[in-house]
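The values are calculated or read from the model by the stated rules, or taken from the named source; none is laboratory data. From a predicted model like this one, the values you see are computed outputs, not experimental measurements. When we count neighbours, we look across all protein chains shown, and the Cβ atoms used for this are built from the backbone with ideal geometry, even at glycine. The accessibility values were calculated without ligands, DNA or RNA, using every heavy atom of the protein model including side chains. Shrake-Rupley method; radii C 1.70, N 1.55, O 1.52, S 1.80 Å.
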Amino acid sequence: MEEVTHHADTVAERHHNGSGHHAPAAETAFGRPRDFLDNRFVYAVVSSRARGLSVGVNMNPDKQCNFGCCYCEVHRDVPSREDHLDVDVMAMELRKTLTFVHEGRLRERPWYRTLPDELLQLRHVALSGDGEPTFSPNFDEAVQAVAHVRALGSLPFFKIVLMTNGTGLDQPLIRHGLKFFTRSDEIWIKLDGGTQAYLNKVDRVSMPVEHILSNILGIGRERPVVIQSLFPAINGEEPPLEEIEQYAQRLKELKTGGAQISLVQIYSAARPAPNSGSGHLPLKVLSRIAHTVRQTAGLKAEVF
């Protein structure tokens, strides 16, 4: 999900060795494509929401997802280069990439040479990709492999972040995989609106919003979560005020129900998606949404 966004920093289809992020201009640090560094599954990207360098694992090279977000940059009509996540190869690539980053060798690549040091500091390893990470059939095996790379102790400790649309968080396979998370690891969960009608329009969801909210509440009662909310301009129009009010109300209900929400990330579509009328919302609109979240739900909200 953006990384993936799908879902987590909006991911786009890579053509040679990388693909999109969520900043509006390609020339900015946050507008560069994912850099796969000659890997099959592991990539690096400078992420505004990570506040620096994110090393990602493409959990869905087959592009499997149960959402059809209007802003998604993944080209699902283009055949996938890989049909499944090979966990052994991924773990090897992750060790190699983290070593490459730790040794400062990203600066050997032209685009990274002029970036400030803080943007090249590793902030986390993201379980993300070209679809919904919890749809990966070997999700628990992949999480265990990433945790094992960390446990080897040959590299500095890193945080693991799962970026998800939340629909699979109640599944036994996913719950088992999350047992390998420490308290320092994070789960970033997508919530792009407050009503079924709006989510059907923007995310083209395949299940009731109540299921998603229930999963957020369930995991949020166990550990802090981050809410990711991408609001696109649809055919040039911003989300209706009533929808933003309903969205903030859903967040308030989650908080009141016991969900520990450490942060709400508010952002917009990076660029026009394939066959879509979605676009980028102005900063003033995003700031207004964040203000509504703070006022209604009493939660920390930041605009990216």
Completion exercise
Once LYS179, LYS255 are ranked on solvent-accessible area with the largest value leading and a 1.4 Å probe, the list reads LYS179, LYS255
Problem - Computed E for GLU253/GLN171 - FRET, C-beta separation, R0 30 angstrom, nearest 0.05 - result: 0.80
Handout entry: Size of electric dipole in the chain: Cβ of Lys, Arg +1 and of Asp, Glu -1, about Cα centre, debye, nearest 20
Key = 780 debye
Practice task
Quote the Stokes-Einstein diffusion coefficient, in whole µm² s⁻¹, for the chain, based on the Kirkwood radius over alpha carbon pairs, a temperature of 20 °C and a viscosity of 1.002 mPa s.
Solution key: 113 µm²/s
Exercise for the section: Give, to the nearest whole percent, the P(r) tail of segment 66-203 beyond 20 angstrom, counting all Cα pairs. Expected result: 57 percent
Practice task
Could you give the size of the charge dipole of segment 82-181 about its Cα centre, using +1 on the Cβ of each K and R and -1 on the Cβ of each D and E, expressed in debye and rounded to the nearest 20?
Solution key: 520 debye
Exercise for the section: With runs of 4+ DSSP H residues as the only contributors, calculate the mean residue ellipticity of the chain at 222 nm using -39,500 (n - 2.57) per run, divided by the residue total and rounded to the nearest 500. Expected result: -9000 deg cm²/dmol
Handout entry: Beta bridge orientation in segment 150-304: antiparallel %, DSSP, nearest 5
Key = 15 percent
Completion exercise
Low-density loop trypsin sites (Lys or Arg not before Pro), segment 65-152, at most 16 other Cβ within 10 Å, DSSP non-H/G/I/E/B, are ARG76, ARG81, ARG113
Practice task
Give me the net charge of ALA248's neighbourhood, meaning all other residues with Cβ under 12 Å from the Cβ of ALA248; Lys, Arg count +1, Asp, Glu -1.
Solution key: +1
Exercise for the section: Using label points projected 7 Å from each Cα along Cα→Cβ, tell me how many nm separate GLU245 and ALA197, to one decimal. Expected result: 1.4 nm
Exercise for the section: Using only alpha carbon pairs under 8 Å that are at least six residues apart, calculate the relative contact order of the chain and give it in whole percent. Expected result: 18 percent
Exercise for the section: Quick one: plug the Kirkwood hydrodynamic radius of segment 109-177 (C-alpha pairs) into Stokes-Einstein at 37 °C, 0.692 mPa s, and report D in µm²/s. Expected result: 235 µm²/s
Fill in the blank from the handout: Heavy-atom accessible area of segment 181-249 with neighbours in place, 1.4 angstrom probe: carbon+sulfur share in percent works out to 52 percent
Completion exercise
Binned at 10 Å from zero, the C-alpha pair distances of segment 159-294 give percents of 12, 43, 33, 12, 0
Completion exercise
Averaged per residue, the 1.4 Å probe accessible area of the chain, protein heavy atoms only, in Å², is roughly 40 Å²
Completion exercise
Once ARG223 and THR182 are pulled to full extension, the length gained, defined as 0.36 nm per residue separation minus their Cα-Cα distance, is 13.8 nm
Exercise for the section: Using only Cα atoms, figure out Rg for segment 172-237 and give it as a multiple of 2.2 N^0.38 Å. Expected result: 1.30
Handout entry: Total formal charge among the other residues, if their Cβ is under 13 angstrom from that of PHE100, Lys/Arg +1 and Asp/Glu -1
Key = 0
Handout entry: Under-20-angstrom lysine pairs by C-alpha in the chain, whenever the two are 8 or more apart or on separate chains
Key = 11
Problem - Where a label projected 7 Å from the Cα of LYS159 along Cα→Cβ would reach, residues of segment 34-60 with amide N under 11 Å - result: 50-52
Fill in the blank from the handout: Taking the alpha-carbon centre of each part, the distance from segment 100-174 to segment 275-304 in Å is 26 Å
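Go through segment 127-226 and name the chymotrypsin sites (Phe, Trp or Tyr not before Pro) that are in a DSSP coil and have 15 or fewer other Cβ atoms within 10 Å of their Cβ.
Loop-located and lightly packed - PHE157.
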Fill in the blank from the handout: segment 151-191, Kirkwood Rh and Cα Rg, ratio Rg/Rh at 1.03
Handout entry: DSSP-defined antiparallel bridges as percent of all bridges, the chain, nearest 5
Key = 30 percent
Exercise for the section: With no solvent and one equal point scatterer placed on each C-alpha of segment 221-304, evaluate the Debye formula and give log10 I(q)/I(0) for q = 0.20, 0.21 Å⁻¹, two decimals. Expected result: -0.87, -0.93
Problem - For the chain, cysteines whose Cβ has no other cysteine Cβ within reach (under 4.7 Å) - result: CYS65, CYS70
